[in-house]
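As structure tokens, the structure follows; a few thoughts come after it.
The values are calculated or read from the model by the stated rules, or taken from the named source; none is laboratory data. On a predicted model such as this, the values are computed, not experimentally measured, just so you know. Cβ sites come from the backbone with ideal geometry, for glycine too, and all protein chains shown count toward neighbours. Keep in mind that these areas ignore ligands, DNA and RNA; they rest on the heavy atoms of the full protein, side chains included. Shrake-Rupley method; radii C 1.70, N 1.55, O 1.52, S 1.80 Å.
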Amino acid sequence: MTQVNKERMLAEFKEIVALPCHSLQERPVFELLKGKLEALGFTVEEDDAGEKLGGNCGNLWAFLPASAGVEGAVRVLLSAHMDGVEPCGGTTVIQKDGVLYSDGTTILGGDDKSGVEGILEGIRLLLEEGAPHGDIQILFTVCEEGGVNGSRCLDRSKLRSDVGYALDGEGAPGEIVVGAPGQKKYKIDIIGRTAHGGLEPEKGINSIMIAAKALADVKRYGRIDEETTCNIGIIGGGKATNIVPDLVTIEGDARSRNKEKLEAICKEIVETIATSAEKYGAKAEVFVDNKYDSFAVAEDSDVVTLAKAACATHGFTPDITVTGGGSDANFLNAYGLPSVILGTGMANVHTVDEYIKEEDLYNSALMVHGILKAAVK
């Protein structure tokens, strides 16, 4: 039975999460991974996503051609993202009872360095045992956090695979996410009129009070149904306590795995707020941005079949599921590459309480190994 090199894998995970990895500042991680992949025989390239986004680094692409004599294998793309949420970088990993934590001053970085490490070690296992393999393509993206921007700006001409796997799920290895929502972000400016709050407040139009009334008119938010959510997450305005505020900005997002439902709930929220604001005497300016589309992959498709085969090879129970968040897989599917999200076991992500079981970290590599073996027909 194939076994990971636990000491090597753990040491490399610690090495990667110790690097600065702020969104749009991923260069240190890029350079480290470039060297590791080139040492494995990959050809590495960088696209211009960093230039498009104003960062110091583009997406990392790597390619390893099929073994000699291998024909007809499914071409596999493996993906993870290089950035992390704040506070990140300089992470000290604490091991306790088979679980990895940070020291509490930063995130751990399992989101998504567990995916990165699972890919690296899974490929090493395959190469070290001399197993035949088809074409292997790797995509390590920038700026995934805060909008999946790296994959949105990737160079689509570089895609040369049949199936894709984004190792970026919170479930344990064996989780296969076949559906995810699309997302729309919205911003509404409530525009009133300024005045001195003590001398002549009657000349003003208080945008904060009107925004409060408009938000009270919103009847549906949070969980709409099993595949649709809507959140109002940011509100800001006002300059001083003696100035009638003339501007309040409300920001939020809507998500759904059903395109029509997404359109409907987003329209309902923004129109309710805008109409109410105008009813109470202010003006409203609405901005809506379609961040990414939903995806749904059939359970009998090749991308799912290979993942199930990997589970069978290494004794994992397949967990076919859907998610409420977006990832690089949304754009890979939009670009015509059937892709699913694989769980790596990361937990409490986006907090300093993040952790991952060592077993899940190691098993992520086995999932990659099993998929690459199953791809050879």
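Some points to look at:
- Count of residues meeting criterion [open to solvent by 20 Å² or more (accessible area, probe 1.4 Å) and modelled with pLDDT of 95 or more] in region 75-92: 5
- Options ALA277, ALA334; residue that is touching a residue at least 60 places away in the same chain (Cβ under 8 Å) and either surrounded by fewer than 19 Cβ atoms within 10 Å (Cβ to Cβ) or more than 25 Å from the chain's Cα centre (by Cα) (or both): ALA277
- Residue match in region 250-271 (condition: open to solvent by 40 Å² or more (accessible area, probe 1.4 Å) and touching a Cys at 6+ places or on another chain (Cβ under 9 Å)): yes
- Extreme residue, most open to solvent (accessible area, probe 1.4 Å), among residues of region 147-169 that are more than 18 Å from ARG75 (Cα to Cα) and in a strand (DSSP E or B): ASP168
- In region 237-280, the qualifying residues are those that are in a helix (DSSP H, G or I) and hydroxyl-bearing (Ser, Thr, Tyr), and the one that is nearest to GLU226 (Cα to Cα) is THR272.
- Residue in region 223-234 that is assigned to a helix (DSSP H, G or I) and open to solvent by 40 Å² or more (accessible area, probe 1.4 Å) present: no
- Test: LYS283 is open to solvent by 70 Å² or more (accessible area, probe 1.4 Å), under 17 Å from LYS113 (Cβ atoms) and more than 19 Å from the chain's Cα centre (by Cα): no
- Qualifying residues in region 181-220 (those that are part of a helix (DSSP H, G or I) and of a type outside the set (A, V, I, L, M)) - the one least open to solvent (accessible area, probe 1.4 Å): SER207
- Test set (1) surrounded by fewer than 18 Cβ atoms within 10 Å (Cβ to Cβ); (2) closer than 30 Å to ASP103 by Cα; (3) of a type in the set (S, T, N, Q); (4) touching a Gly at 6+ places or on another chain (Cβ under 9 Å) - ASN363 fails condition number: (1)
- Within region 321-377, considering residues that are of a type in the set (Val, Ile, Thr) and part of a helix (DSSP H, G or I), the one farthest from GLU128 (Cα to Cα): ILE371
- Any hit, region 363-374, residues being more than 27 Å from GLU226 (Cα to Cα), out of contact with any Lys or Arg (no Cβ under 8 Å at 6 or more places or on another chain) and polar (S, T, N, Q): yes
- None of GLU128, GLU144 is without any contact (Cβ under 8 Å) to a residue 60 or more places away in the chain and either more than 29 Å from VAL322 (Cβ to Cβ) or surrounded by 24 or more Cβ atoms within 10 Å (Cβ to Cβ) (or both) except GLU128.
- Residue within region 105-115 that is touching a strand residue (DSSP E or B) at 6+ places or on another chain (Cβ under 9 Å), under 20 Å from PHE316 (Cα atoms) and crowded, with 24+ Cβ neighbours inside 10 Å present: yes
- Selection count where residues are open to solvent by 50 Å² or more (accessible area, probe 1.4 Å) and in a loop (DSSP other than H, G, I, E, B), scope region 1-22: 4
- Considering residues of region 23-74 that are more than 23 Å from GLY147 (Cβ to Cβ) and of a type in the set (Phe, Trp, Tyr) only, the residue most open to solvent (accessible area, probe 1.4 Å): PHE63
- Hits in region 286-304 - residues which are surrounded by fewer than 20 Cβ atoms within 10 Å (Cβ to Cβ) and closer than 30 Å to GLY174 by Cα: LYS291, ASP293, ALA296, ALA298, GLU299, ASP300, SER301, ASP302, VAL304
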